[in-house]
Structures are given as C-alpha cells and as structure tokens.
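Asks: Please read through the structure below; I'll follow up with questions.
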Amino acid sequence: MSQFKYIVTEEDKDLDVKGVLRHKFDFSARTRGKIKREKLVYLNGEQTAGWLPVKTGDVITIEFPRETSNFIPEDIPISIVYEDDSLLIVNKQPGLVVHPTKGHSNHTLANGIMKYMLDSGQNYKIRFMNRLDMDTSGLVAVAKNSHCQASFMKQSQAGLVEKRYLAIVKGLVESDTGTIDLPVGQPDPERVERAVVEGGAPSLTHYKVVERFRAGFSLVELALETGRTHQIRVHMAHIGYPIVSDHLYGETNPFLIERQALHAFRLGLSHPVTGKPVTFEAPLPQDMETLLEKLR
C-alpha cells in the first residue's frame, strides 16, 4: 500500500490534521474524501481524527486505499528501470501491446506487470501514465495510486513532462533541427491510421538530427509537446522522412529491421510524492543498434 508522510514544521503550528492534509498534500477533493471515509490518516503512527491539532515534529502518514487490477498474470519478461512505492518505470520490448484491447485481449505488458506485482507481494491498480505503440520500444510509466496518475496528467497538460525518442528515418534530413506543428487526426474512424488533417488535434514535435548515413538514412532525436496517437510516425512521414519499417506510414524493410525503428529513450517529470525532478533513460534495443551498425 502506498504511503505519504509529512513532518509538521513550525509554520504548520496553527493547523489541525485536516488542514495539513489540505495544504501540504496535493490530493483531489475526491481522494481526500475517500481517505477520510476509510480512516487512513495517522498522527505519529496512531489513527487520528481530522480536527486534532498538530505540533512541530509530528509525523502525519496517509495510506492510500487498497486497489487492485484483474489482468490475467502472464510470464512476460519485465525490464524494470525504476520502482518505489508510487511509481514503476519499465523498458517495454517491441512487439508488446501495453494494455489489453479487443484485438489483443492478453499477452500484453499489463499481463506481465500483473504477474510481477503478485510475485513481489504487491497489490495496486495498474495505471499506465503513458502508452507506446506495439512495435515501439522504450519507457512506460505506471502509477501505483490515483494521486500519482493525476499528478502526471497535470504535469503533461502543463507541458512539464519530458518525452524524448530516437528514430531511424528514411532519407537525409536536411535541417539539423526543426519543429513540426501540424494537426493530427483520424480521417477514417474505421481505420487505425492517423494523418495530418485540417481540424485535427494540435500536435507539436521537435526534432534534432543525431547522425546522417551515406546510405540515405538519418538518426533523429525527437521531443514531444503533445502526445497524439502515432504523432511522431505521422509527422515524420508527412515531411518526407518516414520511420524505417513503419508499415502504416512508410514501407516495411525486414532486411534492415522487422519493426518501426522508434524507441522512447527518456522520460522526465517531477516525482508525484517528493516533487523532485526525476529523469529515466532506456538504452537503444539491440535491433536498432544492429541497424545503426549496418548503416554505418
């Protein structure tokens, strides 16, 4: 169970427990109400009422309500980059869907995390804070409670979450750096493909060329300010540099790589509990490293 602790300071001396909860913890009103109803607030280790006064040095502990997920646990390898009581950051392998869907009811990252959670004696509801396409590898963040998920969403909406990718694209990208500011939408609701369309959702992608190859390919680093479905893939294809082996927006080339050459390598945010900035990174997977060796 996730716990949040706060040590009362001199400036809090005129508050009661309820006041500390309201002013020092960035919980939603709904979450505060649930914590109150389930009596999950403790003062110096003892369950407490909200009206009790506090003094400097007191320790207020808040436990989050018990929740769980009902995904079928499956023995799927999980590469953990970071974990604490509130967050789980994993490096997703390509070819794995993040969350069960109609087309993929099992064999997903969620199924693998469910088994890992049970095997490690934990119990929480799996809340994905970001998602990657099936054939995109890289960092996926899981919130272990509703507060962390809400914090991530607020940071994302405020443009405070850093999301960076590496992609190998077809063509020699002319400009060393650039920004693609084009709306992305779904032309046909019956099809999965997205496109740059008038009236689509505002979408902003920054790119920087890391390396160009004589064979006519480029390695680019991309930073997202928005997170539309297939945004990077659509934007790069639209400006004439589709991601290598992207079957939707370019052409497959299994002799080079068997999936789209796209990897989410960096994720930065403020930790939902401590407020301190944290950055996570995942190295390029072997198939993309092998492709770079071929191109060099």
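Any read-out appearing in this document is the output of simple, stated calculations on the displayed coordinates, not a laboratory observation. Not measured: the values here are computed from a predicted model. Every residue, glycine among them, receives a Cβ derived from its backbone with ideal geometry; neighbour counts consider all protein chains shown.
Asks: Consider the stretch 1-55. How many of its residues are surrounded by fewer than 16 Cβ atoms within 10 Å (Cβ to Cβ) and among the hydroxyl-bearing types (Ser, Thr, Tyr)?
Replies: Within the stretch 1-55, residues that are surrounded by fewer than 16 Cβ atoms within 10 Å (Cβ to Cβ) and among the hydroxyl-bearing types (Ser, Thr, Tyr) number 2.
Asks: Another one. Step by step: first the residues of the stretch 212-225, then only those that are in contact with a helix residue (DSSP H, G or I) (Cβ under 7 Å, 6 or more places away or on another chain) and over 20 Å from Ala282 (Cα atoms), then the one that is surrounded by the most Cβ atoms within 10 Å (Cβ to Cβ). Which residue is that?
Replies: Across the stretch 212-225, the extreme among qualifying residues is Phe217.
Asks: Which one of these does Glu225 not meet: (1) touching a strand residue (DSSP E or B) at 6+ places or on another chain (Cβ under 8 Å); (2) of a type outside the set (Val, Ile, Thr); (3) free of Cβ contacts under 8 Å to residues at least 12 places away in the same chain?
Replies: Single failed check for Glu225: (3).
Asks: Can you pull out every residue in the stretch 57-72 that is loosely packed, with under 15 Cβ neighbours inside 10 Å, in a loop (DSSP other than H, G, I, E, B) and not polar (S, T, N, Q)?
Replies: If the condition is that a residue be loosely packed, with under 15 Cβ neighbours inside 10 Å, in a loop (DSSP other than H, G, I, E, B) and not polar (S, T, N, Q), then Gly57, Arg66, Ile72 are the ones that fit.
Asks: Which count do you get for residues in the stretch 226-263 that are buried (at least 23 other Cβ atoms within 10 Å of the Cβ) and within 16 Å of the chain's Cα centre (by Cα)?
Replies: 3
Asks: Here is a further query. Could you tell me which numbered condition Phe128 fails, if it satisfies all but one of (1) within 21 Å of Ile89 (Cα to Cα); (2) out of contact with any Leu (no Cβ under 9 Å at 6 or more places or on another chain)?
Replies: (2)
Asks: A further question follows. Which of the residues belonging to the stretch 82-96 are surrounded by fewer than 18 Cβ atoms within 10 Å (Cβ to Cβ) and not polar (S, T, N, Q)?
Replies: Initially, the stretch 82-96 is screened for residues surrounded by fewer than 18 Cβ atoms within 10 Å (Cβ to Cβ), giving 82-85, 93, 95.
Hits for the stretch 82-96 are Tyr82, Glu83, Asp84, Asp85, Gly95.
Asks: Can you work out which of the residues in the stretch 147-191 that are of a type in the set (Asp, Glu) and in a strand (DSSP E or B) is farthest from Met236 (Cα to Cα)? Step through it out loud before you land on a result.
Replies: If we filter the stretch 147-191 for residues that are of a type in the set (Asp, Glu), which is where we start, we get 162, 174, 176, 181, 188, 190.
The next check asks that each one be in a strand (DSSP E or B); those that pass are 162, 181.
On the way: Glu162: 19, Asp181: 11 Å.
Looking at residues that are of a type in the set (Asp, Glu) and in a strand (DSSP E or B), I get Glu162.
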